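Here the structure is laid out as structure tokens; the discussion comes afterwards.
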Amino acid sequence: MNRTNLVLHAKASIDRGSKSFALASKLFANQTRERVWMLYAWCRECDDLADGQDHGHGMSATPASEKTIAVMRMLTRRAMGGEQTGKPAFDAMGVVAQECRLPNYLANDVIDGFALDAKEWRPQSEDDLYQYCYHVAGAVGCMMAVVMGVSARNDETLDRACDLGLAFQLSNIARDVAEDAEAGRCYLPKDWLTEMRIDPADILNPARREALTQLVERLCNLAEQYEVSARVGAAKLPFRSRWAILAAAGIYGDIARNVRKSDGASLDYRIVTSKAAKAACVAKAFWQAIFKSKWTDRSALWARPKAPA
């Protein structure tokens, strides 16, 4: 496929796979928007390969095999090296990598997250939780920042971009606790479960529902902390990128806020954000992009792994 067709394929992917991010992506400048779509398409394809899904639907209870992960790495390495793979999502990633000089280690870090799921890995501690969130979302945030023009050597801004990925993933985990449990997965740290006397093999036990609700709220509070930090980094982006990122932060942040507000009801039904609420986030983000967020210290937050020497 040529670049134009890869962009069209990527647009179809984001329109189907993430209505929230598809909406926010419309705020980017044209070239940045196309690159964001193409990077998203690669992320979506890898995620679907790992989970046996189609654009996030129909999760398989069987984890991806080591062979699947190896193929994912091989196709990504070839694409980022400028080769055609015949796979539109990977070829789209190759275009972005060549145009923006994406660091290979960030793509490898993302695939490491899928490898963790393939091993049915589960976090033992809060630090483990952050490490997992980095691999599946924080590293993506760093790549998105590079696509928006941030230098791959600008650690301060990439740290904030990583924080946004962590905020998104913590929100997703909080929203999907029941859905994940039904699929045999649990991303709540074992230390947390032990502290609240919840059996990791039976986290939806009605007798421990109040304790589980407290842990869901804890996730939501953490997501909000990382969202606040990420908003500082958005100030370093061009206006339209800043507007798009702040809109996405508001939309995903509202997921965590609505989960927390539900007081445990999110364990019974999936929390969704209405079109009107999303539109309100876009409008609010416009003014936030103009005035920018005040600087906040992030030294107490989890620190992402830096580029290998």
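The values are calculated or read from the model by the stated rules, or taken from the named source; none is laboratory data. From a predicted model like this one, the values you see are computed outputs, not experimental measurements. Note that we place each Cβ from the backbone using ideal geometry, even for glycine, and neighbour counts take in every protein chain shown. Keep in mind that these areas ignore ligands, DNA and RNA; they rest on the heavy atoms of the full protein, side chains included. Shrake-Rupley method; radii C 1.70, N 1.55, O 1.52, S 1.80 Å.
Some notes on this structure:
- Which numbered condition G149 fails, given (1) without any contact (Cβ under 8 Å) to a residue 60 or more places away in the chain; (2) more than 18 Å from the chain's Cα centre (by Cα): (1)
- All helices (runs of 4 or more DSSP H) inside segment 95-152 with 2 or more residues being open to solvent by 40 Å² or more (accessible area, probe 1.4 Å) and within 22 Å of Y252 (Cβ to Cβ): 126-133
- In segment 45-62 there is no residue matching the filter, namely being modelled with pLDDT of 95 or more, under 25 Å from K275 (Cα atoms), more than 17 Å from the chain's Cα centre (by Cα) and not in a helix (DSSP H, G or I).
- Residue that is modelled with the lowest pLDDT [pool: residues in segment 250-272 that are exposed (fewer than 13 other Cβ atoms within 10 Å of the Cβ) and under 19 Å from S18 (Cβ atoms)]: V272
- Any hit, segment 21-43, residues being modelled with pLDDT under 90, within 27 Å of V272 (Cβ to Cβ) and of a type in the set (A, V, I, L, M): no
- Any hit, segment 292-309, residues being in a helix (DSSP H, G or I) and out of contact with any Cys (no Cβ under 7 Å at 6 or more places or on another chain): no
- Exactly one residue out of K306, K292, K275, K236 is open to solvent by 60 Å² or more (accessible area, probe 1.4 Å), over 17 Å from the mean Cα position of the chain (by Cα), at positive phi and modelled with pLDDT under 95, and it is K292.
- Subset of segment 174-210 (residues that are of a type in the set (D, E), open to solvent by 30 Å² or more (accessible area, probe 1.4 Å) and in a helix (DSSP H, G or I)): E179, E182, D191, E195, E210
- Residues that are touching a helix residue (DSSP H, G or I) at 6+ places or on another chain (Cβ under 6 Å) and open to solvent by 10 Å² or more (accessible area, probe 1.4 Å), drawn from segment 240-249: R242, W243, I245
- The single condition from (1) among the small types (G, A, S); (2) open to solvent by 20 Å² or more (accessible area, probe 1.4 Å); (3) in contact with a helix residue (DSSP H, G or I) (Cβ under 7 Å, 6 or more places away or on another chain); (4) in a helix (DSSP H, G or I) that G82 fails is (4).
- Checking each residue in segment 12-35 for being under 16 Å from V147 (Cα atoms), open to solvent by 70 Å² or more (accessible area, probe 1.4 Å) and in a helix (DSSP H, G or I) picks out N30, Q31.
- First in segment 282-309 and within 18 Å of A235 (Cβ to Cβ), second anywhere and aromatic (F, W, Y), Cβ under 7 Å, 6 or more apart: A285/W243; F286/W243; A289/F239; A289/W243; L301/Y226
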